[in-house]
Amino acid sequence: MDAAYMPPLDKRIYAEWENISRACALLWARALDLSRYDDLSIMGAAVICANIYNGIENILKQIAKEYGCLPAGEGWHADLLESLHTKGIISNDLAIGLKGWLSFRHFIRHSYGIDINKELLGAALNKAPGLIRLFKQEMDLLLGGLHGTFTSLPDISTLPNATP
């Protein structure tokens with residue numbers, strides 16, 4: 001394969017979505033009764049939850065590159081959400097929800113695992129399924145408009161019925 005070859009946007013998104021789906025399956029494979037989790041399980045679940053955000057952000061970066069609006073600089077993570085919202089690529093609800101998840105991911109990335117508490121993780125896990133569904137819905141609409149032959153991203157059957 002040519003080193004300069006870049007698969008089409010929808011193929012890159014499908015690949016990333018597959019990883020998100022696998023992480024969701026792992027995270028929500030068992031009932032999330034956090035009161036029964038030990039510290040190591042809390043840390044593991046928090047890292048997986050943060051990884052799911054990373055996957056969503058990777059998709060958004062690919063879209064921003066496609067639209068020529070990928071921000072740079074120290075605050076690029078938050079700027080990415082703002083840029084895509086300003087361009088009408090993602091909704092205000094999704095931008096706000098993802099900004100909260102970004103804060104959670106930032107905390108997980110820059111803290112000691114022992115600082116993660118069940119309330120913080122529980123709040124993130126309650127909001128994540130609704131945000132993932134909203135993200136999927138918006139990506140299906142966006143990509144369906146860009147590529148007439150685009151097939152919807154597969155549903156993630158392991159998501160619990162929580163709301164953002």
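The values are calculated or read from the model by the stated rules, or taken from the named source; none is laboratory data. Here the structure is a predicted model, which is why all the values come from computation and not from measurement. FYI the Cβ positions are ideal-geometry reconstructions off the backbone, even for glycines, and counts take in every protein chain you see.
Residue by residue, here is whether (1) more than 27 Å from L143 (Cβ to Cβ); (2) surrounded by 14 or more Cβ atoms within 10 Å (Cβ to Cβ) holds:
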| residue | (1), (2) |
| --- | --- |
| I59 | no, yes |
| K65 | no, no |
| G68 | no, no |
| S83 | no, yes |
| K99 | no, yes |
| F104 | no, yes |
| H110 | yes, no |
| L120 | yes, yes |
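Are any of the residues in the stretch 85-101 of a type in the set (S, T, N, Q), within 21 Å of G130 (Cα to Cα) and part of a loop (DSSP other than H, G, I, E, B)?
First, pick out the residues of the stretch 85-101 that are of a type in the set (S, T, N, Q): 86, 91-92.
When the remaining residues are screened for being within 21 Å of G130 (Cα to Cα), the result is 91-92.
With part of a loop (DSSP other than H, G, I, E, B) added as a condition, the list becomes 91.
Looking for residues that are of a type in the set (S, T, N, Q), within 21 Å of G130 (Cα to Cα) and part of a loop (DSSP other than H, G, I, E, B), one finds at least one in the stretch 85-101, hence yes.
Go through I13, I89, I20, I56 for me and flag whichever is among the β-branched types (V, I, T) and touching a Gly at 6+ places or on another chain (Cβ under 9 Å). Outline the logic, then answer.
Details: I13 fails: touching a Gly at 6+ places or on another chain (Cβ under 9 Å); I89 fails: touching a Gly at 6+ places or on another chain (Cβ under 9 Å); I56 fails: touching a Gly at 6+ places or on another chain (Cβ under 9 Å).
Exactly one residue qualifies, and that residue is I20.
Taking the conditions exactly as written (part of a helix (DSSP H, G or I) and farther than 20 Å from L9 by Cα), does I63 satisfy them or not?
No; evaluated as a whole, the condition is false for this residue.
Please work out which residue is farthest from S103 (Cα to Cα), limiting yourself to the stretch 13-50 and to residues that are assigned to a helix (DSSP H, G or I) and among the basic types (K, R). Break it down stepwise before answering.
Step one: list which residues in the stretch 13-50 are assigned to a helix (DSSP H, G or I), which gives 13-27, 34-36, 39-50.
Checking which are among the basic types (K, R) leaves us with 22, 36.
Working: R22: 23, R36: 25 Å.
Among those that are assigned to a helix (DSSP H, G or I) and among the basic types (K, R), it is R36.
A quick yes/no check of all residues on (1) at pLDDT 90 or above; (2) assigned to a loop (DSSP other than H, G, I, E, B); (3) over 16 Å from G97 (Cβ atoms):
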residue: A128; (1), (2), (3): yes, no, no
residue: R133; (1), (2), (3): yes, no, no
residue: M139; (1), (2), (3): yes, no, no
residue: G144; (1), (2), (3): no, no, yes
residue: G148; (1), (2), (3): no, yes, yes
residue: T151; (1), (2), (3): no, yes, yes
residue: D155; (1), (2), (3): no, yes, yes
residue: T158; (1), (2), (3): no, yes, yes
residue: P164; (1), (2), (3): no, yes, no
